[in-house]
Structures are given as structure tokens and as C-alpha cells.
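One structure is given here, and the rest of the page talks about it.
The values are calculated or read from the model by the stated rules, or taken from the named source; none is laboratory data. Nothing here was measured: the structure is a model prediction, and the numbers come from that model. Positions of Cβ are backbone-derived with ideal geometry, glycine not excepted, and every protein chain shown enters the neighbour counts.
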Amino acid sequence: NEILIETRNLKVYFQKGGLFSKKSFVKAVDDVTIQIRKGEILGLVGESGSGKTTLGRTTIGLQAPTSGQVIYYDSKGTPHEITPKKINKDIRRKLQMVYQDPFSSIDPYMKVYDALRQPLYYAGVKDPAEATEIIHKAFDEVGLPYDLLSNFVFQLSGGQRQRVAIARALMLNPEYLVADEPVTMLDASLKGLIVDDLRKINAERGISILFITHELPIAKVISHRIAIMYLGKIVEIGPTKKVIENPLHPYTQALLQAYPRLDPSLRDKMIKVNVRELELVVPKSGCRFHPRCPFVMDRCRAEEPALKEVEPGHFVACYLY
Ligand code: SF4
């Protein structure tokens, strides 16, 4: 269980407000220390606004930390600090991202081949024959036919777009992939196929994946471990089976309750918190979940709980434990 990427007391704050209004900070990521291990899929689950995308982007050097560090360990175990300025070209290639809507920033009238050729060119693959070979290999891995390469980007279906995006990330031979809500915009049957692709890539190539989603049931099928994020903090993390079968944090319990198709024996264990009603506002002190928590105690309003290991590998930040 070697570590590939580690965050140490990572904080990413954004300023909001401006000249004529009071300035304040959005604490998108607030003191997060986590490890992504070599060859694992870590599901990062939380509602929108919980900071999961910012955390993902910061782990690959697309976003600068306000404080704290992101460390990447190379094959010899040597640590390298990752920031947008410090990351070198070779490491940048190894850390890739797949977005929810991968082609929103690409000219829809571009040929698929060119959309793939470009990043290879910038990564130093100038020979067209070599580029084509790499693109074909990546297409084989995600099960796409080569004819698609001569289509325009706008002609791709949702599922094809996401597969092309995964192929594009794979071409650069990454060690780590941040998949940010990659199946959110797809219908149920396609979700399963993309999840299978990612699982296969993880198993065959040993690529570590940070799988970001707001859907706990999807994280459950794909991840080896699950981390639950709430308002910039990791509130629970552990092996998938333990987090799903024995959710400890009241917020995790609330997330599970929000999915009615879940196993009834699990549902019984759950408490009634309507996740949709949760206000995404960080309280001034104490546990971030306390305004909504049915188990709130005096201590919860005063001090913020730290992550604590409750059973082997299963951590929770809550005073109930
Ligand atoms: Fe609820 Fe207190 Fe646990 Fe926070 S620390 S989740 S308020 S019981």
C-alpha cells in the first residue's frame, strides 16, 4: 500500500466579495490530509459545493494551495511537491484529469483525431505515425472504433465523448487520474459502461484513480476506499465495505438514506436527515455538520472534531465515537 499522492494539511481558500462589499473566504478545502495509494480507486463523495473538485484539481497541480502541501512520490519513493509552479513536465504528464463535460472547452468542429493529437504534440510526440499508434492503442483500451477519429467532436454521443476523454488521458501514460463526476451527465446504462472502463484501466494498468462523485452508490461499485467530504473537510474515510455497511458519520448516514433503492437492512440503520435541505454554510465554530445533526451535543458547537480511527483503516470526525 505505497502512497502515490498525499495532501498535508491542505487548505484552498477563495476570496469572494470585492471593492464595495465585505470580503470573505470560501474555504473550499480546509485542512485536508489524505493519501491516495498506488493502484487504488479512492471515491471522493460529497454534495456540490463540498470542495471535492477543488481538492482533485489541487492534487494534480492545477490549483495552488493556500497553505499545506501536495506531495507526489515517484517510483523510487522520492517526494516531489506539486503546485502549478513547481510541477515539472514529466510529472505533469503522469497526473491527468477527466472532466464531467470533457469537450465543453473544445471547438465542436474539430476532428476527434486532432483533439487527441494536440495534447500529444505538446507532450513532445511530434511524429504523426507515432501519435496515431498511441491514439489507436488508447482507443483499443476504451473499446472505441478507429473510424470515430475522422468524426467531428460534435458528432460524438455522450458516452463516446467520455470514452474519448478517458482515451485522451490514457495516451500520456498517467499514474494518477482524477475523474471528476465522469458519469454524471450520462444515462444509467452508459454510467455502468464507463465505470467498467475505469475499473479495467485501474486493474490492468494499476493507475490510481480519484473518483469524484455526489452519488454514493456509484462510489460504492467502483472504489476500494471511500472518503466523504462535507464543506471542505473529510468527515469519514475507510474501506468501501466498512463505510457502506457501517457508516459512522451522521452525514454519511444521511447520504445513504437519500438513496431509496438501497438494501432495506442498511436503510433501517439510517437516520432521517434530508440531504437536500442541508445548508452549505460553514458555521462559525464547532463541527461543520452541527446545524443539521440530530445528535448534536454542546461540545459539537464549540470545537471541531478531528479524524479518529474507529476500526482498522476506518476514520471518522465526530464526537459520537
Ligand atoms: Fe453531529 Fe456532533 Fe458528530 Fe458533528 S460531532 S456529526 S454535530 S454528533
How about the range 84-135: which of its residues are touching a helix residue (DSSP H, G or I) at 6+ places or on another chain (Cβ under 8 Å) and aromatic (Phe, Trp, Tyr)?
-> Tyr99, Phe103, Tyr109, Tyr113, Tyr121
Residue check: is Ser24 of a type in the set (S, T, N, Q), in contact with a Leu (Cβ under 9 Å, 6 or more places away or on another chain) and modelled with pLDDT under 90?
-> no
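Looking only at the range 214-256, filter to residues that are among the β-branched types (Val, Ile, Thr), within 18 Å of Ser50 (Cβ to Cβ) and more than 14 Å from the ligand (Cβ to nearest atom); which one of those is surrounded by the fewest Cβ atoms within 10 Å (Cβ to Cβ)?
Top of the filtered list is Ile218.
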Quick check, is Glu277 more than 20 Å from Thr53 (Cβ to Cβ), away from the ligand (no atom under 11 Å from the Cβ) and at pLDDT 90 or above?
-> no
Those residues that are loosely packed, with under 14 Cβ neighbours inside 10 Å and either over 25 Å from the mean Cα position of the chain (by Cα) or in a helix (DSSP H, G or I) (or both), I need them from the range 137-154; list them, please.
-> Lys137, Asp140, Pro145, Tyr146, Asp147, Ser150, Phe154
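Which of the residues belonging to the range 196-226 are among the hydrophobic types (A, V, I, L, M, F, W, C) and in a loop (DSSP other than H, G, I, E, B)?
Within the range 196-226, the subset among the hydrophobic types (A, V, I, L, M, F, W, C) is 198, 201, 203, 207, 209-212, 216, 218-219, 221-222, 226.
The one that is among the hydrophobic types (A, V, I, L, M, F, W, C) and in a loop (DSSP other than H, G, I, E, B): Ile207.
Got a sec? Which strands (runs of 3 or more DSSP E) wholly within the range 27-113 have at least 1 residues that are over 28 Å from Phe154 (Cα atoms) and in contact with a strand residue (DSSP E or B) (Cβ under 6 Å, 6 or more places away or on another chain)? Lay out the reasoning, then the answer.
On the way: elements: 35-37, 41-45, 67-73, 79-81, 95-98.
So the answer is 35-37, 41-45, 67-73, 79-81.
The rows are residues; the columns are (1) under 25 Å from Tyr251 (Cβ atoms); (2) in contact (Cβ under 8 Å) with a residue 60 or more places away in the chain.
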{"site": "Gln15", "(1), (2)": "no, no"}
{"site": "Val32", "(1), (2)": "yes, yes"}
{"site": "Leu42", "(1), (2)": "yes, yes"}
{"site": "Leu55", "(1), (2)": "yes, yes"}
{"site": "Thr58", "(1), (2)": "yes, no"}
{"site": "Leu62", "(1), (2)": "no, no"}
{"site": "Lys76", "(1), (2)": "no, no"}
Check Gly159 against each of (1) within 19 Å of Val221 (Cβ to Cβ); (2) at pLDDT 90 or above; (3) not β-branched (Val, Ile, Thr) and name the one condition it does not meet.
-> (2)
What number of residues within the range 302-320 satisfy the criterion of being more than 8 Å from the ligand (Cβ to nearest atom) and either of a type outside the set (A, V, I, L, M) or within 15 Å of Asn246 (Cβ to Cβ) (or both)?
-> 11
Return the total of residues in the range 142-172 being without any contact (Cβ under 8 Å) to a residue 60 or more places away in the chain, over 23 Å from Ser189 (Cβ atoms) and touching a strand residue (DSSP E or B) at 6+ places or on another chain (Cβ under 8 Å).
-> 3
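Take the residues in the range 294-313 that are in contact with a Phe, Trp or Tyr (Cβ under 8 Å, 6 or more places away or on another chain) and in a loop (DSSP other than H, G, I, E, B); name whichever of them is farthest from Met229 (Cα to Cα). Spell out how you get there, then give the answer.
So the first thing to find is which residues in the range 294-313 are in contact with a Phe, Trp or Tyr (Cβ under 8 Å, 6 or more places away or on another chain), and the list is 297, 299-300, 305, 307-310.
Of the ones still in play, those that are also in a loop (DSSP other than H, G, I, E, B) are 297, 305, 307.
Values: Met297: 21, Pro305: 14, Leu307: 12 Å.
So, considering only residues that are in contact with a Phe, Trp or Tyr (Cβ under 8 Å, 6 or more places away or on another chain) and in a loop (DSSP other than H, G, I, E, B), the one farthest from Met229 (Cα to Cα) is Met297.
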Test: residue in the range 261-272 that is at pLDDT 90 or above, surrounded by 15 or more Cβ atoms within 10 Å (Cβ to Cβ), more than 10 Å from the ligand (Cβ to nearest atom) and under 15 Å from Lys242 (Cα atoms) = no
